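Read the structure below first, then the notes.
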Amino acid sequence: MRKRIIAAAIEEIYERGIKFTMHDLARRLGVSKRCLYEHFKSKDVLISCLVDCSLADITEQRRRILSDESLSCQEKIRGILCCRVTMFSPIEGRIADEIRRFMPAEWLRIEQFMNDDWKSVEQFLKVSIEKGELREVHLPIVHKMVNGAIKELVDYRFLEQNGISFSQARNYMVDALLYGMVSR
């Protein structure tokens, strides 16, 4: 039942964003709200569970990318910086923006994850610099640039105004980071 609730919550988020109610979710599942509360103490706990699943998904994607010996350094960088939350991929920018605006405690958890997760990315970048695959760069600045860009890119109004998705915006950001702006 827990998996069914999670799947239905994702559908609700697609339709209503994180402002859906447990009543909406119960109606979708054809169960009582009491049934939902037997599995999830509150809507916030349910959304926290979805965030946990999303962060675990990103961690696993990055682990696979970093361990894939067939990928070049550039392909790995692009892959790890462009990981998508599978369960929310069509709307991940909107959901991230809603969490940032309406659930600050969850957003802080996501930011903490981004900081903690950066350690494995930074280690990969250090090794790549040592091997000569990347030029020497100040990694704390790169980290700040990536975090700052991602925080700005989750603003769905910006994305709508520019007619791009969060994934497209993230790809443009990674291109600028990897290749700069100067014509080659």
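The values are calculated or read from the model by the stated rules, or taken from the named source; none is laboratory data. All values derive from a computational prediction rather than experimental measurement. All Cβ positions, even for glycine, are placed from backbone atoms using ideal geometry, and neighbour counts span all protein chains on display. Ligands, DNA and RNA are excluded from the accessible area calculation, which covers all protein heavy atoms including side chains. Shrake-Rupley method; radii C 1.70, N 1.55, O 1.52, S 1.80 Å.
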- Query: Do we have any residue at all in the range 109-126 that's in a loop (DSSP other than H, G, I, E, B) and in contact (Cβ under 8 Å) with a residue 24 or more places away in the chain?
  - Reply: no
- Query: Somewhere in the range 18-29, is a residue open to solvent by 50 Å² or more (accessible area, probe 1.4 Å) and within 18 Å of Gly93 (Cα to Cα)?
  - Reply: yes
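Restrict the check to the range 137-149 and report whether at least one residue is in contact (Cβ under 8 Å) with a residue 24 or more places away in the chain and open to solvent by 80 Å² or more (accessible area, probe 1.4 Å).
Keep residues of the range 137-149 that are in contact (Cβ under 8 Å) with a residue 24 or more places away in the chain, which gives 142-143, 145-147, 149.
Filter once more, keeping what is open to solvent by 80 Å² or more (accessible area, probe 1.4 Å): 145.
Within the range 137-149 (the criterion being in contact (Cβ under 8 Å) with a residue 24 or more places away in the chain and open to solvent by 80 Å² or more (accessible area, probe 1.4 Å)), the answer is yes, since at least one residue qualifies.
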- Could you tell me which numbered condition Cys83 fails, if it satisfies all but one of (1) in a helix (DSSP H, G or I); (2) free of Cβ contacts under 8 Å to residues at least 60 places away in the same chain; (3) within 12 Å of the chain's Cα centre (by Cα)? (1)
- Item | Boolean, Glu75 is of a type outside the set (A, V, I, L, M), assigned to a helix (DSSP H, G or I), under 26 Å from Ala149 (Cα atoms) and over 16 Å from the mean Cα position of the chain (by Cα) | yes
- Query: Which one of the conditions (1) without any contact (Cβ under 8 Å) to a residue 12 or more places away in the chain; (2) more than 26 Å from Gln161 (Cα to Cα) does Glu15 fail to meet, given that it meets all the rest?
  - Reply: (2)
- Across the range 88-110, the tally of residues that are under 10 Å from the mean Cα position of the chain (by Cα) and either polar (S, T, N, Q) or at pLDDT below 85 (or both) stands at 6
- Evaluate the range 91-107: report whether one residue or more is in contact with a helix residue (DSSP H, G or I) (Cβ under 8 Å, 6 or more places away or on another chain), without any contact (Cβ under 8 Å) to a residue 12 or more places away in the chain and crowded, with 18+ Cβ neighbours inside 10 Å. yes
- Message: Looking for something over 16 Å from Arg16 (Cα atoms), among the acidic types (Asp, Glu) and open to solvent by less than 60 Å² (accessible area, probe 1.4 Å) - is there at least one such residue anywhere in the range 67-81?
- Response: yes
- Message: When the residues of the range 111-126 are narrowed to those that are farther than 19 Å from Asp52 by Cα and surrounded by 13 or more Cβ atoms within 10 Å (Cβ to Cβ), which ends up nearest to the chain's Cα centre (by Cα)?
- Response: Val121
- Note on the structure: Ala169 vs (1) closer than 23 Å to Gly93 by Cβ; (2) open to solvent by 30 Å² or more (accessible area, probe 1.4 Å): all pass except (2)
- Please find, within the range 50-60, the residue that is nearest to Phe124 (Cα to Cα) out of those that are under 11 Å from the mean Cα position of the chain (by Cα) and in contact (Cβ under 8 Å) with a residue 12 or more places away in the chain. Thr59
